1. Which angle between 0 and 90 degrees, to the nearest 10, do you get for helix 456-475 versus the longest principal axis of the chain when only C-alpha atoms count?
2. Cα-based Rg of the range 61-125 per 2.2 N^0.38 Å, rounded to two decimals?
3. Please compute, for the alpha-carbon atoms of the range 1-93, the extent along each of the three principal axes and give them in descending order in Å.
4. Please quote Rg/Rh for the range 185-229 to two decimal places, taking the Kirkwood radius as Rh and restricting both calculations to Cα atoms.
5. How much length would be gained if the chain were fully extended between residue 229 and residue 164, taking 0.36 nm per residue of separation minus their Cα-Cα distance, in nm to one decimal?
6. Could you check the simple spin-label distance between residue 316 and residue 13, using points 7 Å along Cα→Cβ, in nm with one decimal?
7. Using the alpha carbons of the range 3-259, what is the convex hull volume per residue in cubic angstrom, as a whole number?
8. Helix 236-246 versus the longest principal axis of the chain: what is the Cα-based angle in degrees, 0 to 90, to the nearest 10?
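Read-outs: derived from the displayed coordinates by stated rules, not from any lab. All figures in this text were calculated on a predicted structure; none of them were measured in a lab. Neighbour counts run over all protein chains shown; Cβ positions are idealised from the backbone, glycine included.
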Ligand SMILES: [Zn+2]
């Protein structure tokens with residue numbers, strides 16, 4: 001059972017897909033007038049995690065995300081730079097994909113653009129005019145009439161009268177109600193325009209998402225998402241115009257999910273964080289953040305907070321995420337190393353015993369713990385996609401793996417006593433969690449996540465432990481392991497020499 005917080009009902013609901021075993025999602029994409037900033041990235045990483053979770057849970061997922069490539073800001077930027085609106089949009093869409101690829105965000109099934117959906121947009125506006133929900137002005141502007149729709153305000157929970165009292169609304173004497181919004185804007189000099197039944201012009205912002213979701217997902221689909229800044233007016237207007245055009249107040253998206261804001265430079269932020277904040281924009285682009293941190297670390301950082309909660313962005317938090325990622329990566333490498341040894345024939349072969357629970361061994365205990373934590377992981381994700389909690393279960397497993405590996409390296413567990421399939425199952429569990437979170441899909445340089453220490457005492461005491469473990473392996477005549485420790489140290493730049501007084505080490 002999957003529960004989701006639906007902005008429309010302002011409560012957690014049990015998710016019932018419209019079609020059994022299928023999930024359809026529409027998420028509002030970017031307006032490509034500049035490179036995506038870290039705040040833009042949050043909804044896309046969130047939805048990527050949700051898609052992965054559904055796919056892993058056996059659902060067939062269809063995901064649509066648009067590009068608002070016809071927009072005031074794009075036109076303004078193009079005019080300032082003396083290029084076309086298309087140049088600006090294309091350049092920034094390319095940066096968008098590059099940034100999202102670095103964050104392991106899988107591609108949508110389709111990325112409709114306003115410029116390529118014009119016929120559908122015009123058709124939908126015409127339907128609204130025909131049904132009396134929209135009106136045309138003399139100059140060719142078309143407006144949606146909020147008073148024609150009793151339910152206007154149901155997503156944001158606002159009443160029309162309150163909106164009028166509190167809002168600073170654009171004054172247009174020709175509008176019937178100040179809250180009416182533009183569906184079509186008549187052409188202005190120096191702006192791109194398209195032919196329509198009301199003359200040349202271009203669409204208002206909100207209508208595109210209605211036309212696109214209708215075109216690619218049908219009159220009813222499961223999820224609609226975006227940042228919480230889109231609840232009003234964008235999503236409110238989408239619902240109003242879509243349900244009016246379709247003629248069914250239960251049509252359009254069934255569940256509305258909104259992610260919280262990313263805050264930056266709050267009172268708590270340090271001086272260096274504040275220095276990081278650009279005076280002009282106040283936000284870093286994803287590219288700027290990626291110059292200092294690996295994409296997977298940034299992704300983990302974003303998912304370590306529940307998607308609905310606000311997220312404070314600062315260097316200290318990113319460093320913490322990097323450190324944490326290093327701990328998760330360590331268990332990943334350890335499991336990889338164990339798998340390598342299993343494939344090299346160092347462990348006993350599968351005995352055909354599939355009931356891991358009754359296997360009396362340390363590995364049996366480890367796999368039992370792994371299965372328990374995997375089930376906790378799914379439970380957390382099923383509770384409104386609580387990746388923050390799910391990650392703690394993965395971390396628990398990482399600690400178990402660390403402990404097991406430590407004993408293994410120390411010679412306390414000998415490969416011949418372990419059924420290799422059990423360890424491979426633990427590895428599969430760990431990778432299943434990683435796949436849903438979307439990490440360990442690209443190589444991350446070790447030096448980025450494992451900070452080397454300048455403290456000589458610490459290195460001395462660590463080396464003492466390692467050499468004692470190697471001595472234990474030798475005492476147990478586990479020459480393979482003893483040699484392996486020596487070889488790995490050498491690869492890391494440390495030479496071990498056996499002397500009559502015991503083993504000594506030095507840096508190469
Ligand atoms: Zn939208």
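1. Rounded to the nearest ten degrees, it is 60.
2. Values: Rg = 13.7 Å, N = 65, 2.2 N^0.38 = 10.7 Å.
Cα-based Rg divided by the globular estimate yields 1.27.
3. 54, 27, 23
4. A ratio of 1.11.
5. Values: separation 65, 0.36 × 65 = 23.40 nm, distance 1.90 nm.
Result for the pair: 21.5 nm of gain on full extension.
6. Between residue 316 and residue 13, the simple spin-label model gives 4.0 nm.
7. Expressed per residue, the convex hull around the Cα atoms of the range 3-259 is 128 Å³.
8. Relative to the chain, helix 236-246 is tipped by roughly 70 degrees.
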